[in-house]
1. Counting other C-beta atoms within 10 Å, and keeping those with at most 13, which DSSP coil trypsin sites (Lys or Arg not before Pro) do you find in the stretch 522-591?
2. Check which residues have an amide H placed less than 5 Å from residue 505's amide H, if you skip close sequence neighbours.
3. What angle do you read, to the nearest 10 degrees and between 0 and 90, between the alpha-carbon axis of helix 158-208 and the longest principal axis of the chain?
4. Provide the per residue accessible area, probe 1.4 Å, for the chain, rounded to a whole number of square angstrom.
5. When a/c is below 1.5 the answer is rounded, else prolate if a/b is larger than b/c, else oblate, so apply that to the stretch 384-460 with a ≥ b ≥ c taken from the square roots of the Cα gyration tensor eigenvalues.
6. Give the angle, between 0 and 90 degrees and rounded to the nearest 10, that separates the Cα long axis of helix 302-314 from the longest principal axis of the Cα atoms of the chain.
7. Determine the percent antiparallel among the DSSP beta bridges restricted to the chain, to the nearest 5.
8. Would you grab the residues whose amide H sits under 5 Å from the one on residue 347? Only those 5+ places off in sequence or on another chain, please, with H modelled 1.01 Å from N.
Amino acid sequence: MRRKRLFWQLFPTFIVIALVSLIAVTWFASASYKSFFINESRYDLVARTNLISDRFGPLLTDRSIPQIDSLCKALGNKSSTRITVIDPSGRVLGDTEENPAEMDNHNDRPEVIEAKNEGVGSSVRYSHTLKQDMLYVALPLNLPDGGTAAIRTSISLASIGDALWSINTKIIIGGLVIAGVMVLVSLYMSRRISGPLEEIRKGSVRFASGDFSRKIPVYDSLEFGMLADSMNQMAQELDRRIKAIISQRNEQEAVLASMVEGVLAVDMEERVIGHNRAARELLGISSEDAEHRTLHEVVRNIDLQRFVARVLSTRESAEEEIVLRDGGEKYIQVHGTVLRDARGNSIGALVVLNDVTRLHRLEAVRRDFVANVSHELKTPVTSIKGFVETLLEGAMNEPESARRFLEVISRQADRLQAIIEDLLTLSRMEQDAGRTQISLRVEPLNAVLKSAIQVCELKAQESNIRIKLSCPEDLKAKVNAPLLEQAVINLIDNAIKYSEAGSVIGVSGSRENGEVIIRVTDRGSGVAKEHLPRLFERFYLVDRARSRKLGGTGLGLAIVKHISQAHGGYPKVESAPGKGSTFSIHLPAAE
Ligand code: ADP
């Protein structure tokens with residue numbers, strides 16, 4: 001249905017009411033005026049007829065017809081009244097306008113009949129003789145012979161019509177002025193009604209679009225005022241509720257977003273209805289394509305799909321470990337529960353995803369470590385056992401061989417001791433790091449480096465290697481001196497082991513870009529690029545045979561890494577095969 005503006009509904013109604021009342025008033029006024037005018041004229045005519053009837057009395061008695069007719073014409077012309085004299089038989093004896101001989105019998109005229117019956121007769125009629133509306137008044141005139149004649153006077157109503165017309169014109173002009181005023185008033189009224197309604201409409205559109213900042217103005221009209229008031233109240237209430245809902249949602253989102261575990265919710269049709277950042281990252285989905293699509297479309301992992309389907313169908317909580325394979329293996333512990341609404345009906349499932357890849361990796365590292373340790377310990381033990389058996393089987397009696405075997409056994413025992421010592425150091429440090437922070441003090445670095453060099457001096461001299469120290473006296477760092485000394489000893493020890501006799505090893509301390517850096521530089525064999533990333537792992541040996549020969553355990557650099565980290569720093573290596581290596585420990589500079 002086409003809607004009309006309120007203005008166009010009100011305005012025509014006002015106009016119709018105005019026109020109808022105008023026509024009614026005009027019609028009523030003109031009808032009243034006409035009847036008043038005719039009444040007045042009738043009284044006037046009755047008076048005139050009374051006046052002239054005396055003049056006709058004697059003439060009628062004498063039946064002197066020519067005199068009657070000429071008197072009719074004379075009196076009638078003088079008073080602009082038509083006078084007709086009718087004898088008892090209805091014959092016209094005289095008439096102002098016509099020749100009486102040519103006029104028909106007048107006894108059937110209503111005014112004549114009425115005059116004879118009631119004393120006065122009157123009638124308004126169209127005169128065929130004069131071709132216009134006429135007012136007739138007749139009076140009876142009793143003749144001495146007992147007959148009743150009638151004297152009739154009449155005037156034209158044309159003059160009344162003219163007068164009526166001029167009055168009606170005035171009424172119509174007045175009415176049109178009133179109608180004009182009414183149009184203006186109705187225009188004003190419609191605007192007064194539709195104006196506030198328009199304001200309220202605009203206000204409600206604003207509210208619907210969520211803008212509650214501006215209120216609807218309150219009007220002095222009771223109804224509009226109340227409407228505006230209740231709309232404003234509604235808006236205020238809506239605003240309050242929406243804000244509450246938004247803040248609740250934000251809180252929930254913040255909680256979900258800050259969770260380390262991935263959270264994924266689906267409805268009974270397996271359409272995704274919620275997910276947090278962790279879940280998106282784990283499953284590799286973007287927030288736009290997940291909303292309201294099925295799990296099958298969003299997550300390609302068949303195990304997860306099956307798991308969710310199982311939770312939905314059994315309506316029981318479940319737990320499982322699944323493997324995600326896109327972009328490297330990820331082990332995910334999934335925990336599914338049924339989502340229920342306030343009435344306890346199942347409406348979907350909630351899946352919590354826990355990335356246990358790190359645990360898996362740690363587990364693998366632990367397994368590797370145990371295997372490595374066993375392997376590393378087994379070699380010297382096997383060797384010791386072999387030589388001891390050889391000795392027992394008789395070699396004991398050959399002093400020279402026995403001595404050689406015992407020396408080997410001693411070397412292997414040294415190696416065992418070295419491995420066990422390194423392992424103990426590592427495990428002690430891990431325990432310390434696990435329990436509390438190691439205690440750090442601001443100390444001059446120079447002293448620590450000097451003391452480490454002293455420990456290695458003897459071994460260096462054996463290979464005729466010189467150790468050069470360069471470190472500013474005033475350079476201080478926040479360190480645990482015995483631990484850091486151990487780390488530097490390990491680095492210098494390696495440098496000596498992998499350098500040619502007679503070469504020089506540089507040990508330096510410096511402050512660069514907010515870090516304190518300890519560097520141990522040698523011109524030794526160096527390490528190939530592919531080994532560098534794994535060099536600090538436990539038991540990682542570049543050249544197993546050579547390292548063993550040099551008494552390496554593969555734990556030295558792992559200890560360096562640990563000590564660096566315990567200081568809040570990290571180790572680094574730069575090396576080129578055949579040219580030498582620089583191992584460094586980076587520590588945060590003390591304030
Ligand atoms: P190890 O006790 O055997 O020295 P590390 O963990 O200290 O064990 O070192 C691991 C491996 O790194 C060694 O086997 C060796 O190949 C290499 N490496 C360490 N330091 C140096 C160095 N200064 N020059 C060359 N290679 C080195």
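The values are calculated or read from the model by the stated rules, or taken from the named source; none is laboratory data. Because the structure is a prediction, the values reported are computed rather than measured. Neighbour counts run over all protein chains shown; Cβ positions are idealised from the backbone, glycine included. Just the protein is used for accessible areas: all its heavy atoms, side chains included, with ligands, DNA and RNA removed. Shrake-Rupley method; radii C 1.70, N 1.55, O 1.52, S 1.80 Å.
1. Numbers: sites: 523, 529, 534, 538, 544, 546, 548, 549, 561, 572, 579; in loops: 523, 538, 579.
Listed in order of number, the matching sites are 579.
2. Residues meeting the criterion, in which the H sits 1.01 Å from N, are 466, 467, 468.
3. Around 10 degrees separate the two axes.
4. Details: 34830 Å² over 591 residues.
Averaged over the residues of the chain, the accessible area is 59 Å².
5. Details: a/c = 8.79, a/b = 2.16, b/c = 4.08.
Because a/c hits 1.5 or more and a/b fails to exceed b/c, the stretch 384-460 counts as oblate.
6. Helix 302-314 and the main axis of the chain meet at about 60 degrees.
7. Details: 77 of 82 bridges.
For the chain, the DSSP antiparallel bridge percentage is about 95.
8. 339, 340, 341
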